[in-house]
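Asker: Dropping the structure in here first, questions after.
The values are calculated or read from the model by the stated rules, or taken from the named source; none is laboratory data. What you see is a predicted model, and the numbers here were worked out from it, not measured in a lab. Heads up, the Cβs are rebuilt from the backbone with ideal geometry, glycines too, and the neighbour counts pull from every protein chain shown.
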Amino acid sequence: MADRIECDVAIIGGGPAGQAAALALSGHGLSIVVIDEQPRPGGQILRQPPARFAVRGWLEERSYRPLKQLLGRFQALDDIHWLGSHSVIGLQRGSVMAMGPEGVTTVTARHILIAAGCHDLAVPLPGWTLPGVYAAGGIQAFIKGQQLLVGNRILVAGTHPLQLIIAAQIVAAGGSVAAVLFAQPRSAMVAALARHPLAALRRVPDLLATAAALRALARAGTPIHFGTSLEALIGTDRVSAAQTSAGTINCDAVGLCYGFVPQSALPRMAGAQMRPSGPAGGWACGHDDFMRTSVPGVSAAGETTGVAGAAAAAAGGALAGIGIALDLGLISLEAAEHAARTPRRDLAQHRAFAALLDAVADPRAYFPAPSADTIICRCEDVEQATIAAELPVCQSANAVKLATRCGMGACQGRNCEPSLLRMMAKAGNVPETGFTPRFPARPVSIADLLPPQ
Ligand SMILES: Cc1cc2nc3c(=O)[nH]c(=O)nc-3n(C[C@H](O)[C@H](O)[C@H](O)COP(=O)(O)OP(=O)(O)OC[C@H]3O[C@@H](n4cnc5c(N)ncnc54)[C@H](O)[C@@H]3O)c2cc1C
């Protein structure tokens, strides 16, 4: 494995955004490297099983078809260097450091595209660190990528409608869903839908996919409750029940689904301007109308720029590819503006639907309340009361980090930062930024960073 690769364009992320950008850039005679920590392309939405698995009926729902077509076109490209199983741990203008099975590879590139997607919002509540408690997207990732169910009786709870799709996928995989709990009342969801009727009508496939999930859950006899919030998760060695506002539900696994936040470590490390993301929290990378960030030579696309779904990610990726081709002098501004028309229109439409979804899924009024001994930062075991004691004197997330070690662990604050910022806002302090991003973006051993002996 080379420890140094020089290329024209490095794309971080092989999801719909990265694939669409690669397709837009392919055929121009560029050297393009696509880096992903997954072994195979597909991103979160089409997380592929290992190549040696023979899986019948993998993600056959109609809503996945356009994305499978995009993935097929990407995989057929012969001018792309796929660098799978490599996590990007550091990024600066013109250079990307990627950690793979055989050590660190430095990729130098004339242009870098960050298309790193999003991750589930971590939601602390009493008992959430018990084995058997997952982010709902994690449960789905096991099903999509490994054909594994994480429990025999899985409770799915939160505010995001994606939990219906995930519950239906659990059922389709042969699992049993104890219940799907929406913390918000049904009336709040209907009212949010009614405020954005046009956006909803433009995304009929998503509505049909949700309707199909509802039918599958009804056939399986899965209870769906609205206005029912999680209060605590109970168990000794593993979660065995959930205490909810409507009573106790027995289960042996729980999926929490309160929303998604952009993967923001890499653009923040590059020094790109960020803005607050949707109601779930987190930071989205700012960009211009060709998806260029505030850092020259660095673009961003997909859910790194805001959580808006796979179709928006693909449109943003195509636009970023056009912008990079323009910047590298491969096409004229006139040609770029012409080519950008369709992806820009698509992106605007899909983002309008995302605004609707944000309103329907808004978790802010429904977060479970952590107790004094609930762990907020699970890398460093920092409890709620420890952080609360510092809030009167700490004016920034970094100050809390220094005082308590919250955010100083292996995940670099990815999980605890939104919870900490919510606690600070509740205490009357709304910081303009979160933690200062630090190298490495993923855990890495010191030995792997040392030059070969
Ligand atoms: C767990 C999960 C499940 C989801 N399931 C659904 C679903 O079923 N339906 C739906 O409509 N939407 C789903 N979403 C939302 C979905 O991610 C997007 O709609 C879509 O996949 C976004 O495309 P993208 O290209 O922006 O990012 P992604 O598809 O997430 O692709 C980003 C890629 O970047 C890679 N990456 C990230 N950071 C690094 C790094 N540091 N180094 C190397 N590679 C990196 C990731 O491995 C990933 O393959 C899910 C999101 C998550 C987090």
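Asker: So, in region 145-161, of the ones that are within 20 Å of the chain's Cα centre (by Cα) and surrounded by 23 or more Cβ atoms within 10 Å (Cβ to Cβ), which residue ends up nearest to the ligand (Cβ to nearest atom)?
Answerer: In this case the residue turns out to be His160.
Asker: Determine whether Asp252 is over 16 Å from Ile12 (Cα atoms), buried (at least 19 other Cβ atoms within 10 Å of the Cβ) and away from the ligand (no atom under 13 Å from the Cβ).
Answerer: Yes: the conditions hold for Asp252.
Asker: Checking Ala76 against (1) over 22 Å from the mean Cα position of the chain (by Cα); (2) of a type outside the set (Val, Ile, Thr); (3) within 23 Å of Val298 (Cα to Cα), only one condition comes out false. Which one?
Answerer: (3)
A quick yes/no check of all residues on (1) crowded, with 17+ Cβ neighbours inside 10 Å; (2) outside the structural domain of Pro418 (by TED's automatic domain parsing); (3) more than 30 Å from Asp448 (Cα to Cα); (4) in contact with a helix residue (DSSP H, G or I) (Cβ under 6 Å, 6 or more places away or on another chain):
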| position | (1), (2), (3), (4) |
| --- | --- |
| Gln44 | yes, yes, no, no |
| Gln48 | yes, yes, no, no |
| Ala54 | no, yes, yes, no |
| Arg62 | no, yes, yes, no |
| Trp82 | yes, yes, no, no |
| Ser95 | no, yes, no, no |
| Ala98 | yes, yes, no, no |
| Glu102 | no, yes, no, no |
| Ile139 | yes, yes, yes, no |
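Asker: Pairs under 8 Å by beta carbon, first residue closer than 24 Å to Trp58 by Cβ in region 20-47, partner basic (Lys, Arg), six or more apart or different chains?
Answerer: Close Cβ pairs satisfying both conditions: Leu23/Arg73; Glu37/Arg442; Gln38/Arg47; Leu46/Lys68; Leu46/Lys144; Arg47/Lys144.
Asker: Across region 1-42, what is the number of residues that are touching a Cys at 6+ places or on another chain (Cβ under 8 Å), assigned to a loop (DSSP other than H, G, I, E, B) and either surrounded by 24 or more Cβ atoms within 10 Å (Cβ to Cβ) or not assigned by TED's automatic domain parsing to the domain that holds Pro101 (or both)?
Answerer: 0
Asker: OK, next. Among (1) at positive phi; (2) touching a strand residue (DSSP E or B) at 6+ places or on another chain (Cβ under 9 Å), where does Ile170 come up short?
Answerer: Tallying (1) at positive phi; (2) touching a strand residue (DSSP E or B) at 6+ places or on another chain (Cβ under 9 Å), Ile170 fails exactly one: (1).
Asker: If Met97 satisfies every condition in (1) modelled with pLDDT of 95 or more; (2) within 18 Å of the chain's Cα centre (by Cα); (3) at negative phi but one, which is the exception?
Answerer: Among (1) modelled with pLDDT of 95 or more; (2) within 18 Å of the chain's Cα centre (by Cα); (3) at negative phi, the lone unmet condition for Met97 is (2).
Asker: Ok, one more. Filter region 392-450 for residues that are of a type in the set (Lys, Arg) and farther than 22 Å from His119 by Cβ and give the result.
Answerer: Across region 392-450, the qualifying residue is only Lys426.
Asker: Same structure again: Exactly one condition in (1) under 25 Å from Asp8 (Cα atoms); (2) in contact (Cβ under 8 Å) with a residue 40 or more places away in the chain; (3) in a loop (DSSP other than H, G, I, E, B) is not met by Ile324; state its number.
Answerer: So the condition that Ile324 fails would be (3).
Asker: Moving on. Quick one: how many residues across region 292-318 are farther than 28 Å from Pro161 by Cα and either within 14 Å of the ligand (Cβ to nearest atom) or surrounded by 24 or more Cβ atoms within 10 Å (Cβ to Cβ) (or both)?
Answerer: So the answer is 3.
Asker: Regarding Gly57, is this residue farther than 20 Å from Arg110 by Cα and either among the aliphatic types (A, V, I, L, M) or within 13 Å of the ligand (Cβ to nearest atom) (or both)?
Answerer: no
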